[in-house]
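Below is one structure; the comments refer to it alone.
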Amino acid sequence: MSRDYLVQEFVHLVENYYPEAGKVLDWCYVKVLECYLERSGKQFYYLGIYYPQERRRELLAQQEAFKDIAENMGLIEVVCINSTRLIRDPMSKLKKDNPRFWLELYWISTQDHFLTN
C-alpha cells in the first residue's frame, strides 16, 4: 500500500467517524512517516500531522481521535508537528533539501492569515 493511499484513507476515516476532527485536518498537512529500527530489522510507520500555530489548540483537542483511527489502521503513533516553527527555524535545512515540502508547509502555516484578513 502506498503512503499517499494511507493518508487518503486516514483522512476519509477521520471525516466519517470524527467530523469535528475532520474539520481540523482541513488546516493541516498529513504525511505517513517511516521508522526503521536497525537492531531489530523492523520497519514501522507512523503519522505526522503538520499544523499551523494558530490551530494548535483545536488539533490537540482531537488528538485522541487521530490516534484511535491511526492505531486501527496499523500505524504505531500520531505525531503533531508545528509547521509554523519548522519553516521559521533559521537552522532548518528543509527549504534547501526539500523545497516542495517546505512550500506545502508554508502554505498551511499562512493560509489562516490570508483567510481571516
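Is it the case that some residue within region 51-69 is among the hydroxyl-bearing types (Ser, Thr, Tyr) and modelled with pLDDT of 95 or more?
Within region 51-69, one or more residues are among the hydroxyl-bearing types (Ser, Thr, Tyr) and modelled with pLDDT of 95 or more.
Kindly check whether there is at least one residue in region 55-73 that is closer than 18 Å to residue 109 by Cα and among the polar types (S, T, N, Q). No - not one qualifying residue is present in region 55-73. Just a yes or no: is a residue in region 22-31 buried (at least 17 other Cβ atoms within 10 Å of the Cβ) and free of Cβ contacts under 8 Å to residues at least 12 places away in the same chain? Scanning region 22-31 turns up at least one residue that is buried (at least 17 other Cβ atoms within 10 Å of the Cβ) and free of Cβ contacts under 8 Å to residues at least 12 places away in the same chain. Surrounded by 14 or more Cβ atoms within 10 Å (Cβ to Cβ) and closer than 17 Å to residue 26 by Cα: is that true of residue 54 in this structure? Against the criterion (surrounded by 14 or more Cβ atoms within 10 Å (Cβ to Cβ) and closer than 17 Å to residue 26 by Cα), residue 54 qualifies. A count restricted to region 44-88 and to residues that are small (Gly, Ala, Ser) and either farther than 22 Å from residue 34 by Cα or in contact with a Leu (Cβ under 8 Å, 6 or more places away or on another chain) (or both) stands at 4. Close Cβ contacts (under 6 Å, 6 or more residues apart or on different chains) running from residues in region 95-109 that are in contact (Cβ under 8 Å) with a residue 60 or more places away in the chain to residues that are in a helix (DSSP H, G or I) and among the small types (Gly, Ala, Ser) comprise 105/83; 108/83.
Of all residues in region 72-93, exactly one satisfies the criterion of being of a type in the set (A, V, I, L, M), more than 24 Å from residue 13 (Cβ to Cβ) and exposed (fewer than 14 other Cβ atoms within 10 Å of the Cβ), namely 91. Restricting region 36-51 to residues that are surrounded by 13 or more Cβ atoms within 10 Å (Cβ to Cβ) and not hydroxyl-bearing (Ser, Thr, Tyr), the residue that is nearest to the chain's Cα centre (by Cα) is 49.
The values are calculated or read from the model by the stated rules, or taken from the named source; none is laboratory data. Since this is a predicted model, take the numbers as computed values, not measurements. Here the Cβ is made from the backbone with ideal geometry for all residues, glycine too, and neighbour counts use every protein chain on show.
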